[in-house]
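Novice: So that we are looking at the same thing, I have put the structure below in structure tokens.
The values are calculated or read from the model by the stated rules, or taken from the named source; none is laboratory data. All values reported here derive from a predicted model rather than from experimental measurement. Reconstructed Cβ throughout: ideal geometry from the backbone, glycine too, with neighbour counts over all protein chains shown. Just so you know, the surface numbers come from the protein's heavy atoms only, side chains and all, with ligands and any DNA or RNA stripped out. Shrake-Rupley method; radii C 1.70, N 1.55, O 1.52, S 1.80 Å.
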Amino acid sequence: MITIAEGVSFDTIAREWRCKWSPDGDKVSLVAAQSALESVIDEVKKVPGVKRVDRIVCGGCLDFKVVTSLSAEDFGKWEATNFEPEVAFLDMLKAIDGISLIETQTYTIMPV
């Protein structure tokens, strides 16, 4: 367990890929984002140390997020690969009409 401050410890680090989708065209951009995720999900799940992969969709704020949680011990190894297949996935998102605000973020995540 790594301690950031007194009472704040973690053993899991997550990498988040996120974007906004458009409700236009019967949510075609959301459908395409899901398809892009499905094309890389097996590769993501094979990353050593992966604990879980979650997909989050908000119909109100139009968020599409993918959160990959890894053991803190293994996270640096994935980071060293530039979070493969992150670039390919983000490039797929960039090519989808109606997708905007593509971002990534790394943070610790722990159940409470």
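Novice: Rolling a 1.4 Å sphere over the protein heavy atoms, what is the accessible area per residue of the chain, to the nearest Å²?
Specialist: Solvent-accessible surface per residue comes out at 59 Å².
Novice: Additional query: Kirkwood hydrodynamic radius for region 65-112: how many Å is it when counted over pairs of different Cα atoms?
Specialist: 12.5
Novice: Oh, and also: Quote the charge dipole size of the chain about the Cα centre in Debye, to the nearest 20; the model charges only the Cβ of Lys and Arg (+1) and of Asp and Glu (-1).
Specialist: Charge dipole, the chain, about its Cα centre: 140 debye, nearest 20.
Novice: At a probe size of 1.4 Å, how large is the accessible area of K20, to the nearest 10 Å²?
Specialist: About 60 Å², rounded to the nearest 10.
Novice: Right, another one. Once the piece of chain linking D26 and M1 is laid out straight, how much longer is it, given 0.36 nm per residue of separation minus the C-alpha distance between them?
Specialist: Length gained between D26 and M1: 4.5 nm.
Novice: Could you look at the chain and say what percent of its accessible area is carbon and sulfur, using a 1.4 Å probe and all protein chains?
Specialist: On the way: 3460 of 6550 Å².
With neighbouring chains kept in place, the figure for the chain is 53 percent.
Novice: Can you tell me the equivalent ellipsoid semi-axes for the chain? Use √(5λ) from the Cα gyration tensor, largest first, whole Å.
Specialist: Details: eigenvalues 153, 50, 23 Å².
Here the semi-axes work out to 28, 16, 11 Å.
Novice: If R0 is 22 Å, what FRET efficiency do you get for A80 and M110 from their C-beta distance, rounded to 0.05?
Specialist: The computed FRET efficiency comes out at 0.40.
Novice: A further question on this structure: Could you tell me the distance between the Cα centroids of region 33-53 and region 70-98, to the nearest Å?
Specialist: 10
Novice: Using each residue's phi in region 8-22, evaluate 6.51 cos²θ - 1.76 cosθ + 1.60 at θ = phi - 60° and report the 3J(HN,Hα) Karplus result to the nearest Hz, with x for Gly and Pro.
Specialist: Along region 8-22, the couplings run 10, 10, 8, 9, 9, 10, 10, 10, 10, 10, 9, 7, 9, 10, 9 Hz.
Novice: If you plug each phi of region 78-94 into the Karplus form 6.51 cos²θ - 1.76 cosθ + 1.60 with θ = phi - 60°, what whole-Hz ³J(HN,Hα) values come out, in order, with x for Gly and Pro?
Specialist: For region 78-94, the Karplus curve yields 5, 4, 5, 8, 6, 6, 3, x, 3, 4, 4, 5, 5, 4, 4, 4, 4 Hz.
Novice: Right, another one. Report ³J(HN,Hα) in whole Hz for each residue of region 97-112, in order, from the Karplus equation J = 6.51 cos²θ - 1.76 cosθ + 1.60 where θ = phi - 60°; Gly and Pro get x.
Specialist: 4, x, 8, 9, 6, 7, 9, 10, 7, 10, 7, 7, 8, 8, x, 10
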